Amino acid sequence: MRQKIVAGNWKMNTDYDQGLWLVSEVVNMVNDEVLSDVKVIIAPPFTHLFGIKQLIKSAPKVRLAAQNCSSEASGAFTGEISCSMLKSIGVEAVIIGHSERRQLFGETNFSIKKKIKQALQAGLSPIVCCGETWDERNGGIHFQIIQTQLEEALFALNRDEIGKVIIAYEPVWAIGTGQTATPDQAQEIHRFIRNAIQEKYNSSIADSISILYGGSCTSKNAKELFSNPDVDGGLVGGASLKSREFVDIIKSF
Ligand code: PGA
């Protein structure tokens, strides 16, 4: 059985006190209400990571992720945060290649590939994002775009390494727009990604990798999205900032 995962990407939201409050609400609700074996990942801003780590110690289902990391191991890179620094405060995963980082901060498949390597070397699980823009989908090149993202960013990994990766399919047109992909659209791309992994590696690796859907995922649409055979959970932005809403998404399996 593949691991079911719901990850909350807070982006650049909440100050420190608000973040601690939000996570303590989530922890209480998850401990009280979530019976399934879903893994919950919280990805708050960097400044909150250490404080939140202390709060989630009482929540066995809840894990901690960063939203980004450096593509370098250490040294003269002012303002950067390395994967080993994250690891040293108990962070377990890191989101890499989010479309906002690709579009607003110039990240490419090649810089993403370097970050994935750094994460794996430090013992973090990379949550690697891929997805097409609206124009790319309209132009009928969405499969090609995703294939290229996978090949250039991920497929240099060996079998051991790829097995440690979590993939998030996030159509750029669905992120923060309220325009969620239909369950069929999500399933089609998730199947495509799994097939690509199977062709490159093998079917047992392809079957074991969790592929999350992201893009305007809410408690209203999560159940239908997660019921697809190749959708193993969600990467949730806006809806992860409200504890009740986020926990209802977690309970959608
Ligand atoms: P959204 O963001 O749920 O607000 O659309 C998802 C994401 O960017 O990971």
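Every number here is computed from the coordinates shown, using simple stated rules; none is lab data. Small disclaimer: the values here were computed from a predicted structure and weren't measured. Because the Cβ atoms are built from the backbone with ideal geometry, glycine has one as well, and the counts that use them run over all protein chains shown.
Of note:
- Short-range pairs are left out: with C-alpha atoms under 8 Å and at least six residues apart, the relative contact order of the stretch 4-250 is 20 percent.
- When the Gaussian network model of the chain links Cα atoms closer than 10 Å, the mean-square fluctuations of 139, 19, 233 top out at 139.
- DSSP H segments from the chain that extend 15 Å or more along their own axis, Cα-based, with Kyte-Doolittle mean of -1.0 or above: 16-33, 109-122, 142-153
- For the chain, a simple Cβ point-charge model (Lys and Arg +1, Asp and Glu -1, everything else neutral) yields a dipole of about 480 debye relative to the Cα centre.
- Selected from 240, 111, 88 as most flexible by GNM, with the chain as the system and alpha-carbon contacts under 10 Å: 88
- Enclosing the Cα atoms of the chain in their convex hull gives a volume equal to 116 cubic angstrom per residue.
- Residues 10, 21 arranged by fewest to most Cβ contacts within 10 Å: 21, 10
- Taking the charge dipole of the stretch 4-250 about its Cα centre, with +1 at Lys and Arg Cβ atoms and -1 at Asp and Glu Cβ atoms, the residue from 16, 90, 42 reaching farthest to the positive side is 90.
- Largest GNM mean-square fluctuation across 84, 227, 204, computed for the chain with C-alpha springs under 10 Å, falls on 204.
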